[in-house]
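Below is one structure, written out as structure tokens; comments come after it.
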Amino acid sequence: MYKTIVEAVLAHGREPGLADKAAVGFKGVRVTYAQLCEQMKAAAHKLQTEYGVGRGDIVMLTAMSKPEYVVLLLGAQYLGAVTVPLDKKSKEKNILDVYQFIGPKLLLTDSKVEGVNKASLKKFYQDVLGQAENGIGPEIEYTLPKQEDVAEMLFTTGTTGTPKGAMLTYKTLYASTHNTWNGVGMETSDVVLIPLPLNHSVGMRVLRTALYVGATVVIQNGFTFAKELERNITDFACTALVSVPASIDLIMRQMQGQFAEILGRLRYIEFGAGSLSYDMKKKLTALLPDTTIFNTWGSTETGGAIFLNVSERPDKYTSLGKPIAGVSLKVVGKDGKEVKAKDIDTAGRMALKGDMQMAGYYNLPEENAKTLVDGWLLTNDMVYTDDEGYVYMLGRADAIINVGGEKVSPIEVENIAQEFEQVRECACIGVKDPDDTLGFVPVLYVVPQGNEFDRNALTKFLSTKMEAYKIPHKYIVLEELPRKRMQKLDYKALRKLWEENGDEELMNPVIRAIYNRHSVREFTDEQIPRAKLEMIVKAGIYAPSGHNMQTWKFTVIQDAGKIAQYRETVSAVAKEKGVYFYGFNNPTTLVLVSNDRRNDNCIQDSSCAAENIMLAAGSYGIGTVWLNALKTISDEPRIRELLDSYGIPKTHIVWSTVAMGYPAKEPKALAKKMGVIQWL
């Protein structure tokens, strides 16, 4: 078998049937294995001849979710250089911290970084494409590296202080690749979609494995929108997907009824960077009976090491799975000696051994002495095993909650709580007992499934599933749980939240109404009661108004004939004028928010009023959608005639139409861009 990924790609590029097959796909781009070989060699040639890169030199590069990243990564490793992928969202300080710590030969990035030896990744790749097409001159011979040589270093995203980089040797990558290959049964015929960052362990090991076996890799820039996922699965005929647990819930909510049809086309889905909850394992196997679900435990230091075929072993849903062949596992106590861990009371820290483990952290001897002990890699995860060798995770050693001498696993509490229908997701931490009798007690941060969340009902549900001392003493509602770059729960952020706010409800009813409002475009036939509707529309009057002019007017239409007439007229005129008019399906009510054009603040005032109306409607469980077509066509003759019939003054423009009614189905919860807030 091939000893390195580079050797495998070189072989695939010459092999009939694989040479012309797509190795990497991205949007409209497809790079065949033959092309990947030529581009890889051209990148190696440019790195060596123009930048003096050779064996053992360090090359840092931004891990763009594009083919150029794959090409330049392979090009550097072709020379025997050590590659250091960087998060594409890294700030200049984080890049400089790593750069100064490791002293690379070259940094390939298009990020703004001053005072370093760098080259534009984008331009570098453009030159590579030209050289690959026109010939690169004398070809550099590929020499197999020693298995003990370092091939790659993966650094923690957003580190502060001393960076911490795991050194992965060629032996490490070979073992990790084969563990993934055997763990999920990846085949040469597979087309694997990777919508994960390519500077992290999960995305990188799946990328390496796919290229090693001659499969096709489809790169996607994150999980933000389900439409892109659907488009890639369809356009590339994907057979496999690698995901993280937190993302699948978002995709499920966005796709709604299409989820099973779209993801059901896949042969398998692998989940890494965290464990699927018990409830999600049940949901996925029920929704996707013909798609094999795998859950993998791994780390930057080990790659994928423990695998669970969720579809085959429903009786092991609460476990991490079993170590793959070639990976040894033991459980150690506080004294470092092996213990027989069969339950929560006898659990200890997990230690692993095998060729897949890292060589150590770069230039951190003290960390290495604590982590690598007698050939074993010691983790901070508390586990126990059953008679079949399946591993059960209780949480990090410092996360286990000691309640009056009884141990409580936060993961167990979370898994059970997520079975409750009103809980979308949750996270459990231990806090000091306010009564100072039990030492610590569990509290649960909850993201509700909808607007309804009944604490007493959740407590009653939990009391039938767990011992009394495990039941959380407090439930704190959040709009979303804090997560790290790879969507792992950020328990440090939760503890900080508790330290700063305690059990104060930051997610009060007003904030919850704002955060939970989503556009609804399909409604039932149920009419909104007049009393509620009056309260909702009146909320518009309480919106801010520039100079307190209050020149607005609110026209409420509930007559089905008039609503149909509105739709027909506006649709026709909008089409003639090339104006966007979408989302008007079957509302039972329309509210036209108009304002006097002579008021300089008419647009702003109307926007605030419309938002108040929609938030008020949402608080009653009534769905709304904002339609904007009339803002540019209010003065068209047919539209003005219609507005005249409503009694809307000719000086008024209808800045927004709010369509509303009771939702026919749960609205899509689109991801929000959180990187737009700047703190000064």
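Residues Thr285, Thr624 in ascending order of nearby Cβ atoms (within 10 Å, fewest first): Thr285, Thr624.
Could you work out the local net charge near Lys41, counting Lys and Arg as +1, Asp and Glu as -1, over the other residues with Cβ closer than 11 Å to its Cβ? Summing Lys and Arg as +1 and Asp and Glu as -1 gives -2. For the stretch 1-157, take the convex hull of the Cα atoms, compute a quarter of its surface area, and give me that in nm², please. With every direction weighted equally, the projected area is 9.7 nm². Simple rule: put +1 on each Lys or Arg Cβ and -1 on each Asp or Glu Cβ in the chain, find the dipole, and look at Asn415, Val213, Gly405; the Cα lying farthest toward the positive end is Val213. Compactness ratio for the stretch 398-512: Cα radius of gyration over 2.2 N^0.38 Å (N = residue count) comes to 1.01.
Residues of the stretch 554-573 with an amide N closer than 15 Å to a point placed 7 Å from the Cα of Asn586 along the Cα-to-Cβ direction: 560-561, 564.
Charged neighbours of Thr371, selected by a Cβ distance under 14 Å, balance to -1 (K, R count +1; D, E count -1).
From largest to smallest, the equivalent ellipsoid semi-axes obtained for the chain from the alpha-carbon gyration tensor read 49, 35, 23 Å. Centre-to-centre separation between the Cα atoms of the stretch 342-396 and those of the stretch 623-644: 65 Å. With respect to the chain, whose longest principal axis is taken over its alpha-carbon atoms, helix 602-619 is tilted by about 80°. Using C-alpha pairs below 8 Å separated by at least 6 residues, the relative contact order for the stretch 275-314 is 35 percent. In plain terms, the chain from Glu50 to Glu419 could stretch by 127.0 nm, reckoned as 0.36 nm per residue minus the Cα-Cα distance.
Subtracting the Cα-Cα distance of Tyr662 and Ala493 from 0.36 nm times their residue separation leaves 57.2 nm of extension gain. For the stretch 73-116, the set of trypsin sites (Lys or Arg not before Pro) satisfying both a DSSP loop assignment and a count of at most 15 other C-beta atoms within 10 Å is given as Lys89, Lys91, Lys112. Restriction of the chymotrypsin sites (Phe, Trp or Tyr not before Pro) in the stretch 439-474 to DSSP coil positions whose beta-carbon has at most 13 other beta-carbons within 10 angstrom yields no sites. A DSSP coil position with no more than 11 other Cβ atoms inside 10 Å describes the following GluC sites (Glu not before Pro) in the stretch 481-544: Glu504, Glu526. Our summary gives the stretch 441-588 a relative contact order of 23 percent, counting only alpha carbon pairs under 8 angstrom and 6 or more residues apart. Out of every Cα-Cα pair that the stretch 5-391 contains, those further apart than 39 angstrom amount to 16 percent. Measure nothing but the geometry: give the 0 to 90° angle between the long axis through the Cα atoms of 67-78 and the longest principal axis through the Cα atoms of the chain, rounded to 10°. Approximately 10 degrees, to the nearest 10.
How much of the DSSP beta bridge set in the chain is antiparallel, as a percent to the nearest 5? Percent antiparallel among DSSP bridges in the chain is about 70. The modelled label-to-label distance for the pair Leu364/Gln126, using points 7 Å beyond Cα in the direction of Cβ, is 3.8 nm.
Compactness of the stretch 297-456, taken as the C-alpha radius of gyration over 2.2 N^0.38 Å, stands at 1.17. For the chain, the relative contact order comes to 8 percent (Cα pairs under 8 Å, sequence separation of at least 6).
Using the Cβ of Lys322 as centre and a radius below 9 Å, the other residues enclosed give a net charge of 0, where K and R count +1 and D and E count -1. Taking amide H as placed 1.01 Å from N in the peptide plane, Glu152 has its amide H under 5 Å from the amide H of Thr83, Leu168, each at least 5 places away in sequence or on another chain.
Size estimate for the stretch 530-661 follows the Kirkwood approach: the inverse of mean 1/r over distinct Cα pairs works out to 14.8 Å. The separation of the stretch 43-61 from the stretch 272-286, counted between C-alpha centres, amounts to 43 Å.
Considering only beta bridges that DSSP places wholly inside the stretch 80-179, some 60 percent are antiparallel. Estimated at 0.36 nm per residue, the fully extended path between Arg530 and Ile262 surpasses their Cα-Cα distance by 92.4 nm. Remark: His178, His473 ranked as His473, His178, counting other beta-carbon atoms within 10 Å and listing the fewest first. The spacing between the stretch 554-594 and the stretch 423-462, judged by their C-alpha centroids, is 45 Å.
Between Leu680 and Ala19, the distance separating the two model label sites (each 7 Å from Cα on the Cα→Cβ line) works out to 6.0 nm. Taking every lysine pair in the stretch 118-240 that is 8 or more places apart or spans two chains, those with Cα atoms closer than 30 Å amount to 8.
Cut-off is 10 Å between beta-carbons; in what order do Tyr515, Tyr362 appear when sorted fewest neighbours first?
Going from sparsest to densest Cβ surroundings: Tyr515, Tyr362.
Readers should treat all values here as calculations from the given coordinates under stated rules, not as data from a laboratory. Note that the structure is predicted; figures quoted are calculated from it, not measured. As a convention, Cβ positions derive from the backbone with ideal geometry for all residues, glycine included, and neighbour counts pool all protein chains shown.
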